[in-house]
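For reference, the structure discussed in these notes is given below.
The values are calculated or read from the model by the stated rules, or taken from the named source; none is laboratory data. What you see is a predicted model; the values in this text were computed from it and never measured. So basically every Cβ, Gly included, is an ideal-geometry build from the backbone, and we count neighbours across all protein chains shown. Just so you know, the surface numbers come from the protein's heavy atoms only, side chains and all, with ligands and any DNA or RNA stripped out. Shrake-Rupley method; radii C 1.70, N 1.55, O 1.52, S 1.80 Å.
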Amino acid sequence: MAPLKSLEARYPLLDSNFQSFCASNGIFTVEDFLLHDLSVLTAFAEQQPNSDRLKEGITQLLSIIDRQHQPWLNGLQLLEDARQNKHVLSTGFEEIDKLLGGGVREGQLTELVGPSSSGKTQLCLRVAANVAIQHVGRVIFMDTGNSFSPRRIEHFIHQISDSVLSEKVMSNILCYSTFDIFSMFDVLQQLENSLKSQGPKGDCKVQMLIVDSISSLITHVLGGSGPQGHALMTAAGFLLKKLAHEHNIAVLVTNHMVAGEGGTLKPALGESWKSIPHVRLLLSRDPGNKISNISILKHPSLASGEVARFVIDD
Ligand SMILES: Nc1ncnc2c1ncn2[C@@H]1O[C@H](COP(=O)(O)OP(=O)(O)OP(=O)(O)O)[C@@H](O)[C@H]1O
């Protein structure tokens with residue numbers, strides 16, 4: 001939780017005088033403030049010579065905390081939000097769209113899990129091109145393993161439509177290279193700040209955020225017996241879901257597979273991760289075969305086990 005001092009620059013009422021008053025009550029951070037009995041704190045403020053300003057400071061701090069919370073929404077409001085803001089984005093593959101009831105949904109975190117060469121990256125690039133063309137939105141591609149290929153995107157753009165200006169579409173696909181989880185947090189934080197300041201009517205809405213692959217960032221920090229790795233993994237999942245929900249973005253992440261017991265393949269992010277994404281999809285492809293399989297492992301409204309077949313490139 002933030003130290004009170006960090007709020008001073010933006011909120012002049014929370015000046016050094018207010019901080020000393022709080023410190024004399026054992027309050028140094030926002031968390032300390034929340035744990036304190038506020039009626040006792042207010043009563044104490046009233047005994048001080050500058051009581052009005054101190055009470056204004058308490059009110060301001062409460063309103064800052066209040067703004068951090070999402071308002072409670074009832075069922076009707078949630079339904080309205082889903083209808084108006086959480087659109088389904090076509091992946092550009094008829095078979096996958098049919099399997100998923102139209103495509104990937106804004107507001108949700110969708111995970112593609114699959115072994116090496118099953119087509120996770122190719123699918124991400126193709127979906128990015130399709131979203132930028134069909135939905136005229138912006139796509140953010142977080143590349144954690146040098147997998148982003150502008151040439152491949154250009155190829156897909158021409159494959160999808162020969163009448164669009166590929167320069168315009170490509171300029172709406174932004175790539176950030178991040179090679180550790182902390183720089184991913186930094187990029188996501190910057191993205192959140194810019195989305196907040198831009199508001200819902202920005203010039204070109206961010207519709208999709210892709211992280212290829214999230215597992216390669218997280219598996220490094222999961223080693224050892226300490227809980228920090230798991231905490232970071234949960235925090236990353238939480239932040240991605242928050243961005244998806246609050247800014248109506250479809251988030252797509254990939255999770256590679258590793259050899260488990262007996263050599264059978266299992267997702268690199270396993271048991272503790274699997275409850276985080278809204279949708280989990282398994283990709284597979286036989287070597288030398290152009291046809292890929294995609295099946296539903298988890299979906300909030302569709303049965304697991306359904307499979308579709310598709311071809312990324314003819
Ligand atoms: N530029 C390309 N042109 C044509 N085919 C390609 C190209 N890049 C990759 N492929 C094909 O797509 C297949 C899937 O590759 P992709 O990188 O999507 O797999 P992946 O599931 O992301 O693997 P990994 O987990 O190892 O990153 C490759 O085996 C290759 O046959």
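Can you name every residue in segment 128-144 that is open to solvent by 10 Å² or more (accessible area, probe 1.4 Å) and either in contact with a Leu (Cβ under 9 Å, 6 or more places away or on another chain) or not assigned by the TED database to the domain that holds Gly92 (or both)?
Taking segment 128-144 as the starting set, the residues that turn out to be open to solvent by 10 Å² or more (accessible area, probe 1.4 Å) are 133-136, 138, 144.
Selection gives Gln134, His135, Arg138, Thr144.
Within segment 278-290, work out how many residues are open to solvent by less than 80 Å² (accessible area, probe 1.4 Å) and modelled with pLDDT under 90. Even if it seems obvious, please write down each step before you answer.
Going residue by residue through segment 278-290, those that are open to solvent by less than 80 Å² (accessible area, probe 1.4 Å) are 278-284, 289.
Next, only the ones that are modelled with pLDDT under 90 stay: 289.
Of the residues in segment 278-290, 1 are open to solvent by less than 80 Å² (accessible area, probe 1.4 Å) and modelled with pLDDT under 90.
Please find, among Val104, Val88, the residue that is within 24 Å of Gln134 (Cα to Cα), away from the ligand (no atom under 16 Å from the Cβ), crowded, with 22+ Cβ neighbours inside 10 Å and at pLDDT 90 or above.
Val104
Can you find, within segment 297-314, the residue that is farthest from the ligand (Cβ to nearest atom) among those that are in a loop (DSSP other than H, G, I, E, B) and among the small types (Gly, Ala, Ser)?
Looking at residues that are in a loop (DSSP other than H, G, I, E, B) and among the small types (Gly, Ala, Ser), I get Ser301.
In segment 16-35, which residue that is in a loop (DSSP other than H, G, I, E, B) and surrounded by 15 or more Cβ atoms within 10 Å (Cβ to Cβ) is farthest from the chain's Cα centre (by Cα)?
By that ranking, first place goes to Asn25.
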